[in-house]
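Report on one structure; see the data block that follows.
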Amino acid sequence: MRLALFDLDNTLLAGDSDHAWGDYLCERGILDGVAYKARNDAFYQDYLAGRLNIRDYLNFCLEILGRTEMAQLEQWHREFMRDCIEPIILAKGEALLEQHRAAGDRLVIITATNRFVTGPIAARLGVETLLATECEMQDGRYTGRTTDVPCYQEGKVTRLERWLGETGLSLEGSYFYSDSRNDLPLLERVSHPVAVDPDPILRAEAEKRGWPVISLR
């Protein structure tokens with residue numbers, strides 16, 4: 001079975017779900033609208049520049065999960081999906097998923113954003129396989145810490161290779177769609193790397209290597 005791998009943020013979505021979740025919490029007064037937002041914005045700029053310290057960021061953004069009851073988190077996430085995610089789901093992205101689905105490909109979303117944020121988004125897009133940064137759980141609730149290898153930069157390759165070993169699938173004939181320089185390690189591994197509305201670094205790399213550059217906007 002051929003794999004069709006998709007980054008999520010700024011690829012299938014016209015925005016970044018991780019950053020948007022922080023903004024959502026600030027806008028509703030759940031987190032400090034000045035101090036938290038400033039740090040969240042700074043981390044996002046580091047991500048765009050390819051220099052994010054993923055561990056520092058996860059310690060920062062997962063803390064709210066550790067001090068909030070699951071029922072409350074789920075309610076917030078439902079509102080977040082309605083108000084913040086639905087408006088940025090790209091119709092052309094959904095069409096591309098359907099194109100690969102109709103071809104019989106195995107769809108996989110592989111994202112640096114954590115599973116709490118992205119699990120419902122993958123379900124909304126009809127993609128059953130999600131490789132994401134993991135949130136530690138204990139006694140049925142989040143601890144506020146991460147666990148496993150973050151699904152970021154080289155970590156995406158590590159997590160994917162483990163999953164391939166578990167499923168017996170391979171990257172032969174595979175596609176990977178991404179917007180980000182951070183995904184170059186994985187783009188280099190697949191049969192068909194595709195740059196989607198890419199950042200300047202990825203665009204230059206794609207043009208140099210002859211990779212397709214497409215827009216889903």
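The values are calculated or read from the model by the stated rules, or taken from the named source; none is laboratory data. Every value quoted in this text rests on a predicted model; they were computed, and no experiment measured them. Positions of Cβ are backbone-derived with ideal geometry, glycine not excepted, and every protein chain shown enters the neighbour counts. These accessible areas exclude ligands, DNA and RNA; they are computed on the full protein's heavy atoms, side chains included. Shrake-Rupley method; radii C 1.70, N 1.55, O 1.52, S 1.80 Å.
When you restrict to C-alpha pairs under 8 Å that are six or more residues apart and normalise by the size of the chain, the relative contact order lands at 26 percent.
Annotation note: GluC sites (Glu not before Pro) in the range 128-166 located in DSSP loop regions with a Cβ neighbour count of at most 14 within 10 Å are Glu128.
Qualifying chymotrypsin sites (Phe, Trp or Tyr not before Pro) in the range 1-54, where qualification requires a DSSP coil assignment and no more than 11 other C-beta atoms within 10 Å, are lacking entirely. For the pair Glu98 and Arg209, the difference between a 0.36 nm per residue extended length and the Cα-Cα distance amounts to 37.2 nm. Close amide H pairs (under 5 Å, H built 1.01 Å from N) link Thr129 with Ile109, residues at least 5 positions away or on another chain. The rule of thumb for compact globular proteins, 2.2 N^0.38 Å, goes into the C-alpha radius of gyration of the range 175-217 0.96 times. When the inverse distances between all different Cα atoms of the range 97-205 are averaged and flipped, the Kirkwood radius reads 14.9 angstrom. Peptides 184-194, 138-148, 108-118 ranked from most to least packed, by the mean per-residue count of other Cβ atoms within 10 Å: 108-118, 184-194, 138-148.
With the convex hull of the Cα atoms taken as the outline of the chain, the averaged projected area works out to 11.5 nm².
Computed from the C-beta positions of Arg82 and Arg162 and an R0 of 41 Å, the FRET efficiency is 0.75 to the nearest 0.05. Counting only Cβ charges, +1 for Lys and Arg and -1 for Asp and Glu, the dipole size of the chain around its Cα centre is about 260 debye. Here the chain exposes an accessible surface that is 48 percent carbon and sulfur, computed with a 1.4 Å probe and the other protein chains kept in place. For the range 3-214, the antiparallel share of DSSP beta bridges with both residues in that region comes to about 20%. Comparing Cα centroids, the range 109-186 and the range 1-35 end up 15 angstrom apart. Amide hydrogen proximity for Thr113: with H placed 1.01 Å from N in the peptide plane, the residues at 5 or more positions away or on another chain lying under 5 Å are Thr133. Kirkwood's formula applied to the C-alpha pairs of the range 143-194 gives a hydrodynamic radius of 11.9 angstrom.
Using the reciprocal of the averaged 1/r over all distinct C-alpha pairs, how large is the Kirkwood radius of the range 68-148 in Å? Over the range 68-148, the inverse of the mean reciprocal pair distance is 14.1 Å.
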